[in-house]
Amino acid sequence: MTIALDAPTRPTTGTRLVDLFEFGLDSPICLTWELTYACNLSCVHCLSSSGRRDPRELTTEECKAVIDELERMQVFYVNIGGGEPTVRPDFWELVEYATSHHVGVKFSTNGVKITPDVAAMLAANDYVDVQISLDGATADVNDAIRGPRSYETAMRAMQNLADAGMKNFKLSVVCTRTNIPQLDEFKAIADRYGAQLRLTRLRPSGRGADVWDELHPTAAQQRELYDWLVANGENVLTGDSFFHLSAYGQALPGLNLCGAGRVVCLIDPVGDVYACPFAIHDEFLAGNIRQPGGFERVWRESELFTRLRQPQSGGACSSCQFFDTCKGGCMAAKFFTGLPLDGPDPECVRGFGEEALAKHKDAGGGIPKPSGDHSHRTSPPRPRSGTGPVRVTIQRRNDLSRPPVSACEENPLAGFVPQQTTGADGRQQEGSRSSHA
Amino acid sequence: MDSKQIVAEPESAAQDVIEVGTLVEEVSIDGMCGVY
Amino acid sequence: MNPDSAWRLHPQVSVRPEPFGALLYHFGTRKLSFLKDRTLLAIVEGLADAPSVRSACEAAGVAPDQQGRYLRALDTLAESHMIQERAAA
């Protein structure tokens, strides 16, 4: 459906790049593609609430069709993630397909499948980059967030990549209250394996909302992080996630722009297109690639993206002297803490965010729940202390119309439901098969 | 290659200092927010 | 960069025209360059067929007094390997 909004007139030569991009582009520059919600881990802050595979996942053929579209649109680069993308049986096939169709790939992994053989294959492909996730420079800090033995897994993966001669892969860290004291050690780890360090912002997205209060950096730590980046950050990537810190004085390298719906977006495992991977919520859902017109139509014509490409009102923030680079911070951070989008970021370095949060709380305001939850079902949460028992919730399946058939039942088809579309919660109907292992 | 950063001076945040006549600008492919 | 020698786009560079100019992405270095001017794009696209950088500028309609500006921009592109010298025939 096309909206008859006039495209804003684009300014001419000599303008800031960031101003040109605010109007959006005909194709994204790059985008994040979550291939699966399945994951072998259950990181406490997972932005996509991953764990269990969604049975409506795009098939291999559907994925290749997306890649064909991206090639046509000249999207230069996809950042493939998940969940854990390497648990898809067709993962390596899809990477090969992308890189042989002019779409560069960087994939984000916890390292579980990066064996020496896999590392050798990756090192040989010039168009694949690997990003290993790590959230602590020591096992105790890391595993408290990412789960038992995840530190060990990441280290082993990095050793295998280094041994295979893979140059400059990425070590990506989400900055939290517990790991900001370890920035120097992270740099040392990256250097040890010939990797490039990447520090990114924790957003209250997905399961991140549950741990935001305890894990997001304190004001003092934000300053510490900023100072560290200014002093040491020349070869450190940030995914442009700290433009809200530009109010400390000097903007950090990057576009310093919220790219959501303008230069980047997310394609999720079931083909939903969101403005950004940190905004997986109906509020930021632009469409689905399975609809006629595919991804291209969603990117170019969706109502949401068209709206995001209009000049945004800064609201209360537009009178701030740092608005031009801070831009009111991160849309997702505001949304998932219940703050209005035309107000300060919850972590506004001038303190306006804290003020707004307090007011919001006093007014009895709540926070939006993510639209989907693919988390592993352990209740209560699995203990993080080590190899303790995994507690499982036993429950009756809601999709069966009756309990299992008894020996006296006469109808051999009792309990069988002919294959239908899966229910809203994505559960598998009896009598149908998943298309993947 | 020297990186060209936009410096926001508190008094003149509305007019960032950019090189006059710059026709090319470079950014890291990682320099886009909203990506893993 | 010698403006009287022959140059061309690096073979690993993808050019994407945009209303404001163009995006250049180098698949090898993973660097992204933005051309903020359509004339500069025309020069870059015409390099392979021109005997020299200077003549590519002329072909794109660049007046002599503007050449310096464009040559400086091309220098930046040369430094990041977006364009390269053509091997002598």
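Against the condition on the phi > 0 side of the Ramachandran plot, small (G, A, S) and in contact with an Asp or Glu (Cβ under 6 Å, 6 or more places away or on another chain), how does C:G21 come out, does it pass?
Numbers: on the phi > 0 side of the Ramachandran plot: yes; small (G, A, S): yes; in contact with an Asp or Glu (Cβ under 6 Å, 6 or more places away or on another chain): yes.
Here the answer is yes, as C:G21 does meet what is asked.
Answer yes or no: is there a residue in segment A:173-188 that is within 14 Å of chain B (Cβ to nearest Cβ) and either at positive phi or touching a Lys or Arg at 6+ places or on another chain (Cβ under 6 Å) (or both).
Applying the first criterion (within 14 Å of chain B (Cβ to nearest Cβ)) to segment A:173-188 yields A:173-174.
Remaining after also requiring either at positive phi or touching a Lys or Arg at 6+ places or on another chain (Cβ under 6 Å) (or both): none.
No - not one qualifying residue is present in segment A:173-188.
Report, ordered by the first and then the second residue, all pairs with beta carbons closer than 9 Å, sequence separation of six or more or different chains, a first member in segment A:310-330 that is within 13 Å of another protein chain (Cβ to nearest Cβ) and under 23 Å from A:L25 (Cβ atoms), and a second member that is assigned to a loop (DSSP other than H, G, I, E, B) and of a type in the set (S, T, Y).
Final answer for the pair search is A:C330/A:S241.
Pick out the one residue from A:D143, A:D126, A:D163, A:D117 that is within 14 Å of chain C (Cβ to nearest Cβ) and not polar (S, T, N, Q).
A:D126
Checking A:A139 against (1) closer than 29 Å to A:C63 by Cβ; (2) aliphatic (A, V, I, L, M); (3) out of contact with any Asp or Glu (no Cβ under 6 Å at 6 or more places or on another chain), only one condition comes out false. Which one?
(1)
If a residue must be buried (at least 19 other Cβ atoms within 10 Å of the Cβ) and within 17 Å of A:S42 (Cα to Cα), how many such residues does segment A:148-159 contain?
Pass one, segment A:148-159, residues buried (at least 19 other Cβ atoms within 10 Å of the Cβ): A:150-151, A:153-154, A:157-158.
Then keep just the ones that are within 17 Å of A:S42 (Cα to Cα); that gives A:150-151, A:153-154.
The number of residues fulfilling the criteria is 4.
Being under 16 Å from the mean Cα position of the chain (by Cα), more than 30 Å from A:A144 (Cβ to Cβ) and touching a residue at least 24 places away in the same chain (Cβ under 8 Å): is that true of A:V78 here?
Working: under 16 Å from the mean Cα position of the chain (by Cα): yes; more than 30 Å from A:A144 (Cβ to Cβ): yes; touching a residue at least 24 places away in the same chain (Cβ under 8 Å): yes.
Yes; evaluated as a whole, the condition is true for this residue.
Check whether at least one residue in segment A:166-186 is buried (at least 20 other Cβ atoms within 10 Å of the Cβ), farther than 26 Å from A:V78 by Cβ and hydrophobic (A, V, I, L, M, F, W, C), and report yes or no.
yes
Which residues, taken from segment A:15-49, are of a type in the set (V, I, T), surrounded by fewer than 22 Cβ atoms within 10 Å (Cβ to Cβ) and modelled with pLDDT of 95 or more?
Correct list: A:V44 only.
For segment C:55-74: of the residues being crowded, with 19+ Cβ neighbours inside 10 Å and not small (G, A, S), which is farthest from B:I29 (Cα to Cα)?
That would be C:V62.
Mind checking which residues of segment A:162-182 are over 24 Å from A:T115 (Cα atoms) and more than 22 Å from the chain's Cα centre (by Cα)?
Answer for segment A:162-182, where residues must be over 24 Å from A:T115 (Cα atoms) and more than 22 Å from the chain's Cα centre (by Cα): A:P181, A:Q182.
Just checking, how many residues over segment C:43-53 are surrounded by 19 or more Cβ atoms within 10 Å (Cβ to Cβ) and more than 19 Å from B:V27 (Cβ to Cβ)? Reasoning before the result, please.
Quick first cut of segment C:43-53, residues surrounded by 19 or more Cβ atoms within 10 Å (Cβ to Cβ) only: C:43-44, C:47, C:50, C:53.
Now drop any that are not more than 19 Å from B:V27 (Cβ to Cβ), which leaves C:43, C:47, C:50, C:53.
Count: 4.
Scan segment A:100-130 residue by residue and report those that are of a type in the set (S, T, Y) and not in a loop (DSSP other than H, G, I, E, B).
Taking segment A:100-130 as the starting set, the residues that turn out to be of a type in the set (S, T, Y) are A:100, A:108-109, A:115, A:127.
Within segment A:100-130, A:S108, A:T109 meet the criteria.
Within segment A:59-80, can you find the residues that are surrounded by 22 or more Cβ atoms within 10 Å (Cβ to Cβ) and touching a Ser or Thr at 6+ places or on another chain (Cβ under 9 Å)?
Scanning segment A:59-80 gives A:L70, A:V75, A:F76, A:V78, A:N79, A:I80.
When you scan segment A:131-249 for helices (runs of 4 or more DSSP H) that lie fully inside it, which ones turn up with 1 or more residues that are within 30 Å of A:G351 (Cβ to Cβ)? Walk me through how you get there before you give the answer.
Working: elements: A:139-146, A:150-163, A:183-192, A:208-215, A:219-232.
Qualifying helices (runs of 4 or more DSSP H): A:139-146, A:183-192, A:208-215, A:219-232.
Considering only residues that are of a type outside the set (A, V, I, L, M), over 24 Å from A:E96 (Cβ atoms) and free of Cβ contacts under 8 Å to residues at least 60 places away in the same chain, which ones fall in segment A:127-152?
Hits for segment A:127-152 are A:G136, A:T138, A:D140, A:N142, A:R149, A:Y151, A:E152.
Quick check, is A:N160 of a type outside the set (D, E, K, R) and either in contact (Cβ under 8 Å) with a residue 40 or more places away in the chain or in contact with a Gly (Cβ under 6 Å, 6 or more places away or on another chain) (or both)? Even if it seems obvious, please write down each step before you answer.
Details: of a type outside the set (D, E, K, R): yes; either in contact (Cβ under 8 Å) with a residue 40 or more places away in the chain or in contact with a Gly (Cβ under 6 Å, 6 or more places away or on another chain) (or both): yes.
Yes; evaluated as a whole, the condition is true for this residue.
Take segment A:351-375 and flag every residue that is assigned to a loop (DSSP other than H, G, I, E, B) and surrounded by fewer than 18 Cβ atoms within 10 Å (Cβ to Cβ). Walk me through it before giving the result.
Quick first cut of segment A:351-375, residues assigned to a loop (DSSP other than H, G, I, E, B) only: A:351, A:363-374.
Correct list: A:G351, A:A363, A:G364, A:G365, A:G366, A:I367, A:P368, A:K369, A:S371, A:D373.
Would you point out the residue of segment A:201-254, among those that are within 13 Å of chain B (Cβ to nearest Cβ) and polar (S, T, N, Q), that is surrounded by the fewest Cβ atoms within 10 Å (Cβ to Cβ)?
The extreme case among them is A:N235.
Which pairs have Cβ atoms under 8 Å, sit 6 or more apart or on different chains, and link a residue in segment C:18-33 that is within 7 Å of chain A (Cβ to nearest Cβ) and surrounded by fewer than 20 Cβ atoms within 10 Å (Cβ to Cβ) to one that is charged (D, E, K, R) and in a loop (DSSP other than H, G, I, E, B)?
C:E18/A:D26; C:P19/A:R10; C:F27/A:D126; C:G28/A:D126
Only one residue in C:L40, C:L77 is closer than 13 Å to C:R8 by Cα, surrounded by 22 or more Cβ atoms within 10 Å (Cβ to Cβ) and without any contact (Cβ under 8 Å) to a residue 60 or more places away in the chain, so which one is that? Talk me through it step by step, then tell me what you get.
Working: C:L40 fails: closer than 13 Å to C:R8 by Cα.
After applying the criteria, what remains is C:L77.
Are any residues in segment A:259-285 more than 7 Å from every other protein chain (Cβ to nearest Cβ), surrounded by 24 or more Cβ atoms within 10 Å (Cβ to Cβ) and among the small types (G, A, S), and if so, which ones?
Across segment A:259-285, the qualifying residues are A:G261, A:A275, A:A279.
Could you identify the single residue in A:A162, A:A190 that is crowded, with 20+ Cβ neighbours inside 10 Å, closer than 15 Å to A:V130 by Cα and at pLDDT 95 or above?
Testing whether each residue is crowded, with 20+ Cβ neighbours inside 10 Å, closer than 15 Å to A:V130 by Cα and at pLDDT 95 or above leaves just A:A190.
Looking at segment A:294-340, which of its residues are exposed (fewer than 15 other Cβ atoms within 10 Å of the Cβ), modelled with pLDDT of 90 or more and either within 25 Å of the chain's Cα centre (by Cα) or of a type outside the set (G, A, S) (or both)?
A:E303, A:R307, A:P340
Does A:L94 count as assigned to a helix (DSSP H, G or I) and within 14 Å of chain C (Cβ to nearest Cβ)? Please lay out each step first, then the result.
Working: assigned to a helix (DSSP H, G or I): yes; within 14 Å of chain C (Cβ to nearest Cβ): no.
Considered against the rule, which asks whether it is assigned to a helix (DSSP H, G or I) and within 14 Å of chain C (Cβ to nearest Cβ), A:L94 comes out as no.
The values are calculated or read from the model by the stated rules, or taken from the named source; none is laboratory data. Fair warning: this is a prediction, and the values are worked out from it, not measured in the lab. Counting neighbours? That spans all protein chains shown, and the Cβs are built from the backbone with ideal geometry, glycine included.
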